[in-house]
Amino acid sequence: MAELNTGDSGGGKDKKVRSKKQNSKVDLTAMVDLAFLLITFFMLTTTLSKPQAMELGLPDKEKPNEEDQNIKVDENRTMTIMLGDNDKLVRYVGLLATPVAGGAPKDFIYGKEGIRKELLSRKAAVLKYTGDPKKGMIVIIKPGKKSNYRNLVDILDEMAIVDVPTYAIVNDFSPEETKLLEGNKK
């Protein structure tokens, strides 16, 4: 309650009523409880984002049979992409010694106007050649020793964007491929 203070002015007639100022205190216990309830509610009701990962089929740990290693693949369906240093990208179609018509080794750039355009056109050509969507294009990705991880991820992204059905990462280079990849340095 308010307290009346009377001053000791001595006269007695001039009395002023003053209330004593008290410190105002707010009890925050209820607000803290409410905050924890809201945090708990939102944690339980939100959907957590799942990490996005690309599916990658790896070979079995067992040694392959002799028959499995000698599978013949039509060279009109294969494209080899070699990755070098300084974002170098070389592709050829078929075998390096005997490339398919229009499949001679050629340098490309990463992105929509570079390798993606080539992959799309080659995929359409293979579909026209085979006539069977199950027998699609096969891409062999060969990252060089001096290529960086980002380039490999970019090529794998292109495989997912273009929807290449079969691709493999191979780290085996022939001497001719090494010369091709290291040649024409800027």
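The values are calculated or read from the model by the stated rules, or taken from the named source; none is laboratory data. What you are looking at is a predicted structure, and each value in this text was computed from that prediction instead of being measured. Cβ sites come from the backbone with ideal geometry, for glycine too, and all protein chains shown count toward neighbours. Accessible surface areas use protein heavy atoms only, side chains included; no ligands, DNA or RNA. Shrake-Rupley method; radii C 1.70, N 1.55, O 1.52, S 1.80 Å.
For this structure, a couple of remarks:
- Across the stretch 85-146, counting alpha-carbon atoms alone, Rg and Dmax equal 12.6, 38 Å.
- Annotation: amide H of Thr78 within the under-5 Å range of Gly94, Ile138, sequence separation 5 or more or interchain, hydrogens built in the peptide plane.
- Projected-area mean, the stretch 66-183, by convex hull of Cα positions, square nanometres: 7.5 nm²
- Amide H partners (placed H, <5 Å) of Tyr167, local residues excluded: Val139
- Sum of side-chain charges, Phe108 neighbourhood, beta-carbon under 11 Å (Lys, Arg +1; Asp, Glu -1): 0
- Solvent exposure of the stretch 66-183 as accessible area per residue, Å², 1.4 Å probe: 60 Å²
- Derived scalar couplings ³J(HN,Hα) [the stretch 158-171; Karplus, 6.51 cos²θ - 1.76 cosθ + 1.60; whole Hz; x for Gly, Pro]: 5, 4, 6, 5, 7, 6, 6, x, 9, 8, 9, 9, 10, 10
- A simple rule links phi to the HN-Hα coupling: the Karplus curve 6.51 cos²θ - 1.76 cosθ + 1.60 with θ = phi - 60°, which for the stretch 19-35 gives 9, 7, 6, 10, 5, 8, 10, 10, 7, 9, 4, 5, 5, 5, 4, 5, 4 Hz, with x for Gly and Pro.
- Integer Hz, Karplus 6.51/-1.76/1.60 couplings in order for the stretch 101-114, x for Gly and Pro: 3, x, x, 4, x, 8, 7, 9, 10, 7, x, 5, 8, x
- Only lysines eight or more places from Lys20 in sequence, or on another chain, were considered; none has a Cα closer than 21 Å.
- Point-to-point label distance, Val153-Val73, nm (Cα→Cβ direction, 7 Å offset): 2.5 nm
- When the listed pairs Lys63/Lys135; Lys88/Lys135; Lys117/Lys142; Lys106/Lys135; Lys106/Lys146 are checked against a 23 Å cut-off, the alpha-carbon distance exceeds it for Lys63/Lys135; Lys88/Lys135; Lys106/Lys135.
- Here the stretch 66-183 carries DSSP beta bridges of which approximately 45% are antiparallel, counting only pairs with both residues inside.
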